[in-house]
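Below is one structure, written out as C-alpha cells, with a few remarks after it.
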Amino acid sequence: MNLYHEFRQRSVSNGIKKETLSIALAGQPNMGKSTIFNLLTGLNQHVGNWPGKTVEKKEGEFQHNDHTIHLIDLPGTYSLSANSPEEIIARNFILQEKPDLVVAVVSAANLERSLYLVSELIVLETPLMIVLNMIDVAEQEGFTVDAKTLQAAIGVPVIPMIASRASGVRGLLDYFDQFIEGKLEFFPRLPQISADHQYVKELIDQLIDGFVPDYYPKNWASMKLLEGDSEIYDILKSVLPLERWETIDDILKQHEDAGLAIASGRYEWIERNVRAAVNRPKLGQVGLTDRIDRFATHPIGGLILLAVILGLTFWLTFSIGTPIQEWMDSKILVPLGSLAQIWLIDAPAWVISLVVDGVIGGVGAVVTFLPIIIIFFAAFGFLEDIGYMARAAYVMDNFMHWMGLHGKSFLPLFLGFGCNVPAVMGTRVIESWPARILTILLAPFVPCSARMAVIAFIAPAFFGRNAFLISWGLILSSITILMIVGVILNKIFFKGERTAFIMELPLYHIPNLRSAMLLIWQRSLSFLKHAGTIILMMSIVVWALSVFPGGDLETSFLAQIGNFVAPVGEWMGLDWKLTVALITSFMAKENAIATLGVLYGRTAEFGLLETISMTYSPAVGMAFMVVTLMFIPCAATVAVIKQETGSWKWTIVNIVLMLVVSIGAASGVYAIASRLGL
Amino acid sequence: MQSLPIITLADLKSGESATISALKAGRNINARLSTLGFTPGVMIYMTHNYGHGPIVVTVRDTRIALGRGEAQTILVTREKE
Ligand SMILES: Nc1nc2c(ncn2[C@@H]2O[C@H](COP(=O)(O)OP(=O)(O)OP(=O)(O)O)[C@@H](O)[C@H]2O)c(=O)[nH]1
Ligand SMILES: [Mg+2]
C-alpha cells in the first residue's frame, strides 16, 4: 500500500476581481528570478530593504491588460527552513503577506535540486506556478526537460523559459491571464511524510493544536518542528505550557532522524515527478563546466588562474579608469572652477570660495572616481555572473584555513575590493558565528575601490611611471597584513575553530548584458547619491572649517584640529593638511582627496596632483598611502559592522584594531623610506 | 548480491561513483546536506579529489564543493564496475 504519492488536492482558482494583484517570485539562488523580474518590470522597480533587515527587497509594477501586477523578487533560498535571514524573509512573506500567486523559478539544468523548494511551496495554500528556466543550459549539458510532462506529473502549470534571451515571457503572461480569469485548475500532487513518521507528526499536531500563531498553518508548523527548524522551535517553546512543551521536546529528541527522512521523502516525490520529463540521450559526456574546472579548481592551476584574474581586474581598472579620471580632473574640473569664478564674478567672495573650493574641489574630485568604480564593479559582476567566484572560493579554502575560516569567507572579502559595506553584509553566507565575526573584523582590511582610487590618484604624483607597481605592492602588502591579523585573531579570540564548508559550484555561463548593465547603473547611481549627500556635506564642512574663524587657512579651525593631532601625524611624516585629509576619510574614503582638493584649491592653475607632488616627499606620500589603505573603516562600514555584529564591543574592537595597525604600519614605512632617502 | 564495504565520500577517487548510505554529521549539517540533495540512496560522482583539501562532487546534476571533514561524515558504497 502506498498512499504516499497519490494524494492530490484539487483547487480551482476563482479568478481575481481586484485591480492590483501581487505575485511573488521565489526560487533557489541563481535560478534567474531577478532576470525575469527585470524583464517584466523594466526600470519600473524599487530596491529597498526588508524591514529591520539588510536583505535587499526588490519590488516593481507593470500593467497587464486591465490589471496592475505588483511583483516581488524574493531572496534566493534553498528551502523554507530558518537557516538564514533570507529564508525567514521568503517564507514569512509567503505565509503572512499572502501574495495572490507564487511563481517558483526552477532551473532545467539543476532540476531535482531546484524542485526541492517547490516541494515545500506546493503544500502551502497560495496558488503556485513553476517557471522552468534555463532550458538552453540543460541542452548544453546534454539533456532535455519536457515542460508538459512535468506539468502533468506535478499538477501545477509549468512554463518553459530562457529568461536571459527573454524567451517564454508570452507563455508566462498567458498563464497570468488564465489565472486572473479563473480558468486555471490546480491539481497538485503533494509530497507526504513517510508512514513511520506520520504518527509522530499527528501526535505533535495534537499537542500544538490551538497554540500556533494564526499565520502559520498548523500542519506546516509541526513539519518544521520535526525538521529541527530553530525559529518555529523558539516560537512554540515560548507559547506552549511548560509540561506540554517538554513532552514535545522529548518526542523531537527521540526522532532526530525525522529531518533527514522528510528531506528524503521530498526528493522521492521529486524523482517520481521528473522521471518521465527528463531525457538524457548523451549520457556520460563531459560538459564544458567540468572541462574548465579541471583547471580552475586545480590546487595549483586554480591559484595561478585566480592570481591572473585578480591581476587583470586591477590592471583593467587602473589602465582604463585612471587616465579617464585624470582627464576629468584636469580637463573638466579645473576649467569648471575657472568658469564658475567668471559666472560668480559679482557674488560675495565667500560664495565663490564655497562653490569653487568646497563643492567643485570636493565633490567634483570624488565624482571623477566614478569610472574607476564602474570598471571594478563591472569586472566583479562579470566574474560572479559567469560563475567563476565560487571557484575562487574553492581554491582559496586552504589559505582561509590558516585563519580558521573556510573558502566561503573569501567571497565577501573579495567583494570588499569594491566596497566594504556589501563585504560586511556578504558575510551572511558564512554559517558559523565565530567565523562570521572574524571575517567581519578582517573585511575593512581589504582596500575598497575608493581607497584604491585614492592610491591610484596619489601614486603617480610621487612615483610617475612606477605608480602601478607601487600601488600593486601596497595592495598586496595590505592583503598580507590582513592574513597575519587573521591568523593572530584566530589564535587569540577563536582558538582555531573549524566550520563546515558546503558550497554549490554553479555551471559556467555567458552573462546577460542587460542585467549586467542594470547592475552597473544601480551601483553608479548609488555612488552618485553618496557623492551628492555625505560627501557634499563633508566637503562643505571641511571648507567651512578651513575658512573660519579668520578666513585664513593657517589659522582656521581645521589647522587647529590638525595641529592637535599632529604629534601622531608626525610619526608618519604627515603635516596637518594630510592628517586632516586622513581624518575626514572617516566619513567616506574618497574624502581624503576631496579634502586635499579643498585645502589646495587655492592654487587653481595646477591640477591637484601637481600641487601635491611639489609639496611632499615620496616618503611622506608612501606613508600617507599606507595609512589611508588601512585607516579606520568609513562611517558607512562602521554602521553595518554594528548592525551585523549587533554589538558595540566588536565594532570598537574593529576600529581600534585598524587604528593601531594602520598607524603602526605607516610609521614603520615612513621611517624606512626616509632612511632610504626617498 | 554481495555486500560492498562501506567507505566515506573522501575515499573516492576522481571519476568514481558511489551510492550514499548514510549521513553521520550532526543534525544541522545533515539538514543542509540533505536539502542540497545528499540523501541516502542517491548516486554521487566524485568530480575532483586531489587527496587533500576540499573536494568537488556531483549529485543530482549539481556540483558541490565540500570540506574534507564534511566528506568524511558521508558514508557511501562504491558502484560496482
Ligand atoms: N543561459 C541562461 N542564463 C540565464 C537564464 N536565466 C537567467 N540566466 C542568467 O543566470 C544568472 C543568474 O540570474 P539571476 O536572475 O541573477 O538569478 P536569481 O535567481 O535572481 O539569483 P539570486 O538573486 O542570487 O537568488 C544571470 O547571469 C542570468 O543572466 C537562462 O534562461 N539561460
Ligand atoms: Mg536575484
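The values are calculated or read from the model by the stated rules, or taken from the named source; none is laboratory data. What you see is a predicted model; the values in this text were computed from it and never measured. We place every Cβ from the backbone using ideal geometry, glycine too, and count neighbours over all the protein chains shown. Surface accessibility is based on the protein's heavy atoms, side chains included, excluding ligands, DNA and RNA. Shrake-Rupley method; radii C 1.70, N 1.55, O 1.52, S 1.80 Å.
Data for the structure
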item: Average other protein chain Cβ within 10 Å of Cβ, residues B:36-49; result: 4
item: Cα-centre dipole for the range A:64-190 with unit charges at Cβ (Lys and Arg positive, Asp and Glu negative), debye to 20; result: 140
item: Threshold 30 Å² - residues in the range B:60-77 whose accessible area is reduced by that much or more when the chain is no longer isolated, probe 1.4 Å; result: B:Arg60, B:Asp61, B:Thr62, B:Arg63, B:Ala65, B:Glu70
item: Whole-percent carbon and sulfur share, accessible surface of the range A:301-675, 1.4 Å; result: 74
item: Convex hull volume of the range A:301-675 per residue (C-alpha atoms, cubic angstrom); result: 142
item: For the protein assembly as shown, share of DSSP beta bridges that run antiparallel, in % to the nearest 5; result: 70
item: Normalised contact order of chain A, rounded percent, pairs of Cα under 8 Å and 6 or more residues apart; result: 11
item: Residues whose placed amide H lies under 5 Å from that of B:Val76, excluding near-sequence neighbours; result: B:Ile7, B:Thr8, B:Leu9, B:Ser21
item: Which listed pairs, of A:Lys529/A:Lys589; A:Lys57/A:Lys408; A:Lys17/A:Lys183, have C-alpha distances above 20 Å, in listed order; result: A:Lys57/A:Lys408
item: Charged-residue dipole, Cβ positions (Lys, Arg, Asp, Glu), the range B:6-78 about Cα centre, Debye nearest 20; result: 120
item: Residue-averaged 222 nm ellipticity for chain A, from DSSP H runs of 4+ at -39500 (n - 2.57), nearest 500; result: -17500 deg cm²/dmol
item: Förster radius 25 Å - calculated FRET efficiency between A:Asn65 and A:Ala166 (Cβ-Cβ, nearest 0.05); result: 0.80
item: Area accessible to solvent at A:Cys419, 1.4 Å probe radius, in Å²; result: 50
item: Area accessible to solvent at A:Val565, 1.4 Å probe radius, in Å²; result: 40
item: Exposure rank, largest accessible area first [A:Leu413, A:Leu310; 1.4 Å]; result: A:Leu310, A:Leu413
item: Contact order normalised by residue count of the range B:6-78, Cα under 8 Å, 6+ apart, percent; result: 46
item: Whether the range B:6-78 is rounded, prolate or oblate, judged on the alpha carbon gyration tensor where a/c under 1.5 counts as rounded; result: rounded
item: Proportion of all alpha-carbon pairs of the range A:11-186 beyond 28 Å (%); result: 17
item: Within chain A: Cβ-based charge dipole about Cα centre, in debye rounded to nearest 20 (Lys, Arg +1; Asp, Glu -1); result: 1100
item: Where labels lie 7 Å past Cα in the beta-carbon direction, separation of A:Gln522 and A:Phe557 in nm; result: 3.9
item: Neighbour net charge for A:Val454 - beta-carbon separation under 14 angstrom, K R +1, D E -1; result: -1
item: Accessible surface, per residue, of the protein assembly as shown when the full set of protein chains is kept, probe 1.4 Å, Å²; result: 43
item: For the range A:169-179, 3J(HN,Hα) per residue [Karplus equation, 6.51 cos²θ - 1.76 cosθ + 1.60, θ = phi - 60°, Hz, x = Gly/Pro]; result: 5, 3, x, 5, 5, 4, 5, 4, 4, 4, 5
item: Accessible area (Å², 1.4 Å probe, nearest 10) - A:Asp329; result: 20
item: Shielding of A:500-511 by partner chains, average beta-carbon count, 10 Å; result: 5
item: Value of D in µm² per second that Stokes-Einstein yields for the range A:195-266, Kirkwood Rh from Cα pairs, at 37 °C (0.692 mPa s); result: 271
item: Spin-label model distance (nm) - A:Arg280 vs A:Ser647, 7 Å beyond Cα toward Cβ; result: 4.7
item: Under 14 Å, Cβ to Cβ, from A:Ala258 - net charge with Lys/Arg +1 and Asp/Glu -1; result: -4
item: Nonlocal amide H pairs with A:Ala588, under 5 Å, H built at 1.01 Å; result: A:Ala635
item: Separation of alpha-carbon centers, the range A:436-481 and the range A:111-152, rounded to whole Å; result: 45
item: Computed log₁₀ I(q)/I(0) - Debye formula, equal Cα scatterers, no solvent, the protein assembly as shown, q 0.07, 0.09, 0.12 Å⁻¹; result: -0.58, -0.91, -1.37
item: Cα gyration tensor shape of the range A:433-537, rounded if a/c is under 1.5, else prolate or oblate by comparing a/b with b/c; result: oblate
item: Label-point gap, in nm, between A:Lys495 and A:Trp402 - each point 7 angstrom along Cα→Cβ; result: 2.5
item: Which of A:Val308, A:Val598 is most accessible, then next, and so on - probe 1.4 Å; result: A:Val308, A:Val598
item: Theoretical gain in end-to-end length, A:Asn466 to A:Lys148 [0.36 nm per residue, Cα-Cα removed]; result: 108.2 nm
item: Accessible surface buried upon A-B contact (total; probe 1.4 Å; Å², nearest 100); result: 3100
item: Karplus (6.51, -1.76, 1.60) ³J(HN,Hα), θ = phi - 60°, over the range A:19-32, in Hz, Gly and Pro reported as x; result: 7, 9, 10, 10, 10, 9, 9, 10, x, 6, x, 6, 8, x
item: Per-residue mean of C-beta atoms belonging to partner chains within 10 Å, peptide A:74-81; result: 2
item: Heavy-atom accessible area order for A:Asp196, A:Asp346, A:Asp290, largest first, 1.4 Å probe; result: A:Asp346, A:Asp196, A:Asp290
item: Label-reachable residues, the range A:412-440, where backbone N falls under 20 Å from a point 7 Å from A:Phe382's Cα toward its Cβ; result: A:414-419
item: Stretch gain in nm, segment A:Glu202-A:Gln140, where the contour uses 0.36 nm per residue and the Cα spacing is subtracted; result: 17.8 nm
item: Burial order of peptide ranges A:221-227, A:619-625, A:124-130 (average beta-carbon count within 10 Å, highest first); result: A:619-625, A:221-227, A:124-130
